[in-house]
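**Student:** Starting off with a structure, shown below.
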Amino acid sequence: MTPFLQQIKTKSKQLKRHIVLPDATDERAIKAARICVDEGSAIISLVGNENEIRSKAAQLGTNLDGVHVVDPEKSEKLEQYTNIYFDLRKAKGMTREQAQATMKRPLFFGAMMVREGVAHGSVAGSLSTTGDVLRAGIQVIGVAEGISIVSSFFLMVFPQRVYTFADCAVVPDPNVEQLADIAIASAENHRKLTGEEPKVAMLSFSTKGSAEHPFVLKVQQATEIVRKKRPQLEVDGELQVDAAIVPSVGERKSPGSTVAGKANVLIFPNLDAGNIAYKIAQRLGGAEAVGPVVQGLKKPAFDLSRGCSVDDIVNVVAINAVMGAA
């Protein structure tokens, strides 16, 4: 484990946050729950069919002592949560019967636990699709005030430095306002998780007008929106990636910038660029890629890759706990 992840784990142990795992019939989630409770990194609720969860745990030889098991269909909260969800969605044509059927789904019940403060955060995705995880988060928890888009970031952990890359997993082609909000959310979460002051580079194939193109204009306009919304945030753009992270190049291409050559938050103009970049950094650069971490919701509800490992779930639980507490 890298020193950075060890630091996150240490923080999560101090916080003792309550995290729900709605993909609770997955053996990886069950094993992760056991590890989290044994390590003291979080209080864990496995949300799903109780008989199936306990049967799977028995097959795995995993003791569930100290792990909460919450079965939506048996819960005394089902009616209350159904009423809340119905009120949220009735304007969209949802019936009470449909609301109850939805609340019986672990993803949505777990999200409601977070919304109502019974739990602090949710981690899913080992069984559920990204679309379902995000739908539950957006419909139940809701989007954070002042943010126009739910997006994601990766923490790219190198031996000497941690970068935040966004968006690499959710928003294919953000518009100007969305790109600005992705930058703002990413900067805030970089500060929460690393303790560093964010230095945000709005990336492009151009630096400071070296090329003219609508793609470049989008990044320039997004940078100005960030500056207006968060005047205290250190942000610069548009920058090529070498101007963002290499001091000598940054000084030459953007002299006097407090960000160029020193950036730790890299905002990509679209999902093509972000996804390709994080995989190159991971596979060729040797970085540990932690994420994707969903951002932009009122409270943390994270989506894992369906190919995730037990350790991935454990690590993301710790990140969820720290993000929710900061």
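**Student:** Could you check the simple spin-label distance between LEU60 and PHE158, using points 7 Å along Cα→Cβ, in nm with one decimal?
**Tutor:** Calculated label separation equals 3.6 nm.
**Student:** Once the Cα gyration tensor of segment 151-288 is found, what semi-axes does its equivalent ellipsoid get, as square roots of 5 times the eigenvalues, in whole Å, sorted largest first?
**Tutor:** Taking √(5λ) for each Cα gyration eigenvalue gives 19, 17, 16 Å.
**Student:** If you don't mind, another one. Can you flag which of LYS31/LYS262; LYS56/LYS298; LYS77/LYS299; LYS9/LYS199 are past 30 Å Cα-Cα?
**Tutor:** Among LYS31/LYS262; LYS56/LYS298; LYS77/LYS299; LYS9/LYS199, the Cα-Cα distance tops 30 Å for LYS31/LYS262; LYS56/LYS298.
**Student:** OK, next. Mean residue ellipticity at 222 nm from the helices of the chain, using -39,500 (n - 2.57) per DSSP H segment of n ≥ 4 over the full residue count, to the nearest 500 deg cm²/dmol?
**Tutor:** Computed mean residue ellipticity for the chain: -14000 deg cm²/dmol.
**Student:** Please arrange ASP272, ASP26, ASP65, ASP242 by counting, for each residue, the other beta carbons lying within 10 Å of its beta carbon, fewest first. Numbers along the way, then the final one.
**Tutor:** On the way: ASP272 11, ASP26 25, ASP65 7, ASP242 15.
Listing ASP272, ASP26, ASP65, ASP242 from fewest to most nearby Cβ atoms yields ASP65, ASP272, ASP242, ASP26.
**Student:** Given charges of +1 on the Cβ of Lys and Arg and -1 on the Cβ of Asp and Glu, with all other atoms neutral, how large is the dipole of the chain about its Cα centre, in debye to the nearest 20? Write down the numbers at each step before the final one.
**Tutor:** Numbers: 38 positive and 36 negative charges, 76 e Å.
Using Cβ point charges on Lys, Arg, Asp and Glu, the chain gives about 360 debye.
**Student:** Still on this structure, I have one more. Quick one: length gained pulling PHE205 to ASP38 fully straight, 0.36 nm per residue minus the C-alpha distance?
**Tutor:** Additional length available on full extension: 55.4 nm.
**Student:** What distance in nm separates the simple spin-label points at ASN51 and LEU284, each placed 7 Å from Cα in the Cβ direction?
**Tutor:** It works out to 5.4 nm between the two label points.
**Student:** Output wanted: per-residue J couplings in Hz (rounded whole) for segment 29-38, from phi through Karplus 6.51 cos²θ - 1.76 cosθ + 1.60, θ = phi - 60°, x for Gly and Pro.
**Tutor:** Couplings: 5, 5, 5, 5, 4, 4, 5, 4, 5, 5 Hz.
**Student:** For segment 1-73 and segment 262-320, what is the separation of their C-alpha centers, rounded to whole Å?
**Tutor:** Centre-to-centre distance over Cα atoms comes out at 21 Å.
**Student:** Once you've got the GNM for the chain with C-alpha springs shorter than 10 Å, pick whichever of ASN49, ASN264, ASN189 has the biggest mean-square fluctuation.
**Tutor:** Evaluated over the chain, the most mobile residue of the options is ASN49.
**Student:** Taking the Cβ of each residue in ILE184, ILE19, ILE84 as the centre, tally the other Cβ atoms inside 10 Å and list the residues starting with the fewest.
**Tutor:** ILE84, ILE184, ILE19
**Student:** If R₀ is 35 angstrom, what is the calculated FRET efficiency for the pair LYS74 and LYS13, using the beta carbon separation as r and rounding to 0.05? Can you show the working numbers first?
**Tutor:** Details: r = 31 Å, r/R0 = 0.88.
It comes to 0.70.
**Student:** Okay, moving on. From the phi of every residue in segment 196-210, what ³J(HN,Hα) in whole Hz does the Karplus formula 6.51 cos²θ - 1.76 cosθ + 1.60 yield, where θ is phi - 60° and glycine or proline is x?
**Tutor:** 8, 6, x, 10, 9, 9, 8, 8, 7, 8, 10, 10, 6, x, 5
**Student:** How far is it, in nm, from the label point at GLU212 to the one at GLU145 when both lie 7 Å from their Cα along the line to the Cβ?
**Tutor:** 4.3 nm
Every number here is computed from the coordinates shown, using simple stated rules; none is lab data. None of these values were measured; they are calculated from a predicted model. FYI the Cβ positions are ideal-geometry reconstructions off the backbone, even for glycines, and counts take in every protein chain you see.
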